[in-house]
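The values are calculated or read from the model by the stated rules, or taken from the named source; none is laboratory data. Treat the numbers as computed from the prediction; the structure is a model and nothing was measured. Every residue, glycine among them, receives a Cβ derived from its backbone with ideal geometry; neighbour counts consider all protein chains shown.
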Amino acid sequence: MRREKAINVFLFFFLQAMLFVCFFPVYFSIDKIHMRTVTLPERLLSLLFVLFWISLCVYSAWKKRLSLLVGGVLYSVMAYLPGWFLPHLVLAAGSIKKQGLAAGLLETVFEKMYELVNAPLAGVSLLVSGKASTSLSRWFLPVLLLSYAGTHVFHFYRNAYLAEQLHLDETAYFSNPALARELAVAPDTGVSFGRSKSPADNNSENLPIFLPANMPGESTEDEQDEQDDNEQTRLHFRGLPK
């Protein structure tokens, strides 16, 4: 299933590039740029192609879809293959050595591959200089990989930060939080921090306790002695309550 998703992503962008080659004249060649008027529909389709690629980078990175990443990598690598193999296939000018049939076929394949990968970028190439426009297709792979790796690093540090904050919240209600954290890290301590106090528990501890009028409250020894002294020094009159 994952292999099918990777192939579908590759074919999706490959077919879009084929539409540009079929309906619009070639703009980028391996050795030059064919200067022509870029029509409005071509610009809009080129912008749509770039938006699809950005969506692939964002979705595969945020949802951790490795299969979609592989499909995007397979397509973006096509922008590097002509630069890797064509210098070894093209014969130098004035060379006596004849080019073989296989080498000629491979040279044609890589030249057409270069035109295919760069065809969807003709509309957006007007936003940059002519020299930079020839290398726009090579940005597909770095953007895809950096967005995926950067999102994973962000998720890792974010989860670590949240885990640390939750651990601090659990140990904040102890009288010695530093000692509680050490006990939580130490093995075989028998200390469990599975449940932290809720705000309702804290409020219930701070609420005053009201006793009935006929129920005496607890008193300390000093208060009891003071009551005994007052009882002994109090004047008693017959008929009056004490």
- request: Could you grab me the full set of residues in segment 14-26 that are assigned to a loop (DSSP other than H, G, I, E, B) and closer than 17 Å to residue 109 by Cα?
  value: 26
field: Count of residues meeting criterion [more than 21 Å from residue 77 (Cα to Cα) and in contact with an Asp or Glu (Cβ under 9 Å, 6 or more places away or on another chain)] in segment 11-50
entry: 2
- line: Pairing a residue in segment 148-167 that is under 26 Å from residue 53 (Cβ atoms) with any residue that is assigned to a helix (DSSP H, G or I) and small (Gly, Ala, Ser), where Cβ atoms lie under 7 Å and the two sit 6 or more apart in sequence or on different chains, gives 148/60; 148/61; 151/61
message: Residues that are assigned to a helix (DSSP H, G or I) and more than 22 Å from residue 142 (Cα to Cα): does segment 63-85 have at least one?
response: no
- request: Quick one: residue 55 ticks every box in (1) modelled with pLDDT of 90 or more; (2) more than 30 Å from residue 148 (Cα to Cα) except a single one, so which number is it?
  value: (2)
- request: State all residues of segment 34-46 that are exposed (fewer than 14 other Cβ atoms within 10 Å of the Cβ) and part of a helix (DSSP H, G or I); if no residue qualifies, say none.
  value: 40, 41, 44
